[in-house]
Structure formats: structure tokens, C-alpha cells
Amino acid sequence: MTADGHPRATPDAADVVDVVDVVALGESMVTFLPSGPGRLADVASFERGIGGAESNVACVLAAAGHPARWVSRVGADGFGEHLVERIAGYGVDVRAVRRDAHRPTGVYFRTAADRATDAHEVAYYRAGSAASAMAVGNVDPAAVRTARVLHLSGITAALSRDCLELTRELTARRPGRPLVSFDVNHRPALWPDADGPRVLLELARGADIVFVGDDEAEHAWGITGGPEAIREALPEPAVLVVKQGAHGATAFAREAGGAEPGPPPSGSAREDRDTGSRPPLPAPPGPGPVFEPALHVDVVATTGAGDAFAAGFLSGTLRGLPLRTRLRYGHLFAAAALTTPGDLAAPPSRGHADRLAAADAGAWGRLRLGPGWTHAGQADEEAITP
């Protein structure tokens, strides 16, 4: 039985042990996007999409060429099938997703207005969802551990007591665990009591890479002294990334050398796949802080931009790129999401992103990206540079 008194669903797939770059664990929901502007009460029709912080990261990383796995639970219903099929369509390994015959797949509706405005409305129907029943006893540990990076967010911890127990287990510091990436994702409405901020701080302290906005650090923890003050409150993570909205982002790295947590090198990529061992991540970049300004973007919608930023930074981490370049990758992937109406956007090709990320400070500051920029080839880059 789970902590909320429901029977645990029996896993319906074999253990997954293939090594991947990233495992993302968390709830995804079917998203209903309005066909036009207006209040939810007035919108006549919606288009179906998908949304979920962790699955968004997995999809973007898979689209960027990184083997990625999504671990979650969905209902044994049409919405669950839609989620699994769409996420698999991005190239994500979904074999560790369990179907729950007793609980539904979560859904939500939102208006077209930007989240930053008072006109924005969101209606969630996720209470008692299949994903909220994720627990230590019903998540395949091999599917989680056979990754170079495990990506989590604070949203999962807020879904139920079982989900919180699972998140605590996965962020506990112990030998042999994957590198743990944690996006704070403070959502006050999800927490049933006032303990949310304290729990999020506890979980972040157990992670190796942490993403947090300066605004959510203020709202959750009352920290108003900027990135340095947030770092003082979170000295434990090897890398801390403080997102500062349209201003940019600051990254701190605790160490200048030494291997990231992980097993010793294996003989080959084939050996890694066959034996389930993980190749080590590159040594941490030099000590921070490093600040990198955000790009000028013609924003279509902000939904999913934070997830895309995390995916871009993790892509750079997996490739062993310098800290500043990792931040630029985050900004570029976020720009792809900002110039697309849905929750998910294909990132720029690796070659395109590498060329833009290699720009000098002046050229970087002059870039202005609009809808469709990710499709621009090398010959078209002058068209997006004023």
C-alpha cells in the first residue's frame, strides 16, 4: 500500500538497464491550449499538447542528441497513451513508464495570456493522478541509476507523501548514484502546508547541480541579496545556477578540479551499454561565479523556457563544455522555447548552437532571435543578427 492508502500498481514492463545520458523523473500531463485569447470561461476550443517539467527536459535533450529516459506513471487511459507516444516521438526511452489502472492521467487547461500577467489562468486536474502514486517501492531503481545525470524537480516532491519520500531517496548523498540535477520549481499552490520552502531547500542541498530563479529564492526562502546570497544559502551543490530572468544567469562551481560523482571509466561506449556501467562526467569547470547575459528574444510564450534552459545547461555539462558555454547553451535552448507557442520546442542543431555560443561578447549581445530562428542555417545567421 502507498502512504495515501491506495494499492501499489504492479510494474508492467521489464527492468530497464540500458545506460543513458539523462534520466528525468516526474509527472507529465496532457495540456489543453486555447485556440485563441480570452478567459477560460470564454474559450470555445483547445488544442491538445503535452507538458511536464521533467519530461520537457528529457524531450529537449533527446532532440539535442543525448540518450534520455523518462520515468513516471500514467493512467491506463487514452491520455496516458498520448503522453507516452508523444514523448517517445522525441526519441525518449519510455520503457520505465508504468500504467496505473486505478488512477487517471493528469490534465490541465491554460489561457493564451503570458504567465507574468494577471490575465493568465491555469486549471489543473491532477489530484490523485497516476504520477502522484510514484513511490520508492514502485519505481524501477535500475532505470534510474543507469544514467550519467538524474534530473528531478521540486514539483514531484509536492505531489504526495510517497513522491516526497521518493525524491528524498533519490537526492540522498550516497556512493554510486548518478549526478543529481534538481530544478527547485517552487509552486506554492501544490504544497498542502507551509513546509514546501523548507523541503525544497533540503532537497536542493542534496543535489549536485541546482537550478533556481532569483525570484523564487526570494518568494520561497526570503533571500534578496542576489546570486551570491543564494549561494551562501546553498553551498553544498557542486554547481549552482541562479536564473535572473531577462537579465541573464549566474553559475557557481564549488571546485576547480576532480571528477564528478560517478563510477570509474569503462572500456568503451559499447561496454557501457552492455554492462550498465556509466562513463564518468568531465571534471567540474573552474570556480564561479560566471555571469552570462540572456539573449534578446521576440517572445511568443514563456511556458517551458525554464525547462529548456536546464536542458541546454545539462547538454553542455554532458559535453564537458566550459561553465560560460553551458550558460549560453541554456540561453539558446530557452530562446527556442520562448519563440514557440507550446510547452516544447526543438532546440537548435548542435552545430548551429556551437556557432552562436562561440560568439564574442559583442556579437552575443547583438543577437536578436525570433520565431523560426532554430531553423536558420549557418548562411542565415546574419538575418538574426542586427
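The values are calculated or read from the model by the stated rules, or taken from the named source; none is laboratory data. None of the values given here were measured: they were computed from a predicted structure. As a convention, Cβ positions derive from the backbone with ideal geometry for all residues, glycine included, and neighbour counts pool all protein chains shown. These area figures cover heavy atoms from the full protein model, side chains too; ligands, DNA and RNA do not enter into them. Shrake-Rupley method; radii C 1.70, N 1.55, O 1.52, S 1.80 Å.
As a summary of the residue check, G176 satisfies the conditions (1) open to solvent by 50 Å² or more (accessible area, probe 1.4 Å); (2) out of contact with any Lys or Arg (no Cβ under 8 Å at 6 or more places or on another chain); (3) modelled with pLDDT under 95 except for the one numbered (2). Looking only at residues of the stretch 108-137 that are modelled with pLDDT of 95 or more and open to solvent by less than 50 Å² (accessible area, probe 1.4 Å), we find that the one that is farthest from H82 (Cα to Cα) is A135. Within the stretch 304-340, the residues that satisfy the criterion of being under 17 Å from Y90 (Cβ atoms) and outside any helix (DSSP H, G or I) are G304, T340.
Of all the listed residues (R187, R254, R161, R198), the sole one being surrounded by fewer than 18 Cβ atoms within 10 Å (Cβ to Cβ), farther than 21 Å from F333 by Cβ and within 19 Å of the chain's Cα centre (by Cα) is R187. Y329 meets the conditions (1) under 18 Å from H375 (Cα atoms); (2) open to solvent by 20 Å² or more (accessible area, probe 1.4 Å) in every case but one. The failed one is (2).
Filtered by the rule that a residue be part of a helix (DSSP H, G or I) and open to solvent by 10 Å² or more (accessible area, probe 1.4 Å), the stretch 61-83 gives A62, A63, G78, F79, E81, H82. Scanning the stretch 276-309 for residues being closer than 30 Å to D18 by Cα and at pLDDT 90 or above gives a total of 5.
Considering the stretch 294-327, the residues that are in contact with a helix residue (DSSP H, G or I) (Cβ under 7 Å, 6 or more places away or on another chain) and of a type in the set (S, T, N, Q) include one that is nearest to H120 (Cα to Cα), namely T302. Here R231, R168 are screened, and the one residue that is without any contact (Cβ under 8 Å) to a residue 60 or more places away in the chain and within 22 Å of G312 (Cβ to Cβ) is R231.
Taken over the stretch 117-157, the criterion of being touching a helix residue (DSSP H, G or I) at 6+ places or on another chain (Cβ under 7 Å) and free of Cβ contacts under 8 Å to residues at least 40 places away in the same chain is satisfied by V136 alone. Put simply, of D193, D208 the only residue that is free of Cβ contacts under 8 Å to residues at least 12 places away in the same chain and among the charged types (D, E, K, R) is D193. Per the listing G36, G49, the residue uniquely touching a residue at least 60 places away in the same chain (Cβ under 8 Å) and not in a strand (DSSP E or B) is G36. Residues satisfying the criterion are absent from the stretch 108-117 (criterion: out of contact with any strand residue (DSSP E or B) (no Cβ under 7 Å at 6 or more places or on another chain) and part of a helix (DSSP H, G or I)). Close Cβ contacts (under 7 Å, 6 or more residues apart or on different chains) running from residues in the stretch 82-105 that are of a type in the set (V, I, T) to residues that are part of a loop (DSSP other than H, G, I, E, B) and surrounded by fewer than 20 Cβ atoms within 10 Å (Cβ to Cβ) comprise T105/D77.
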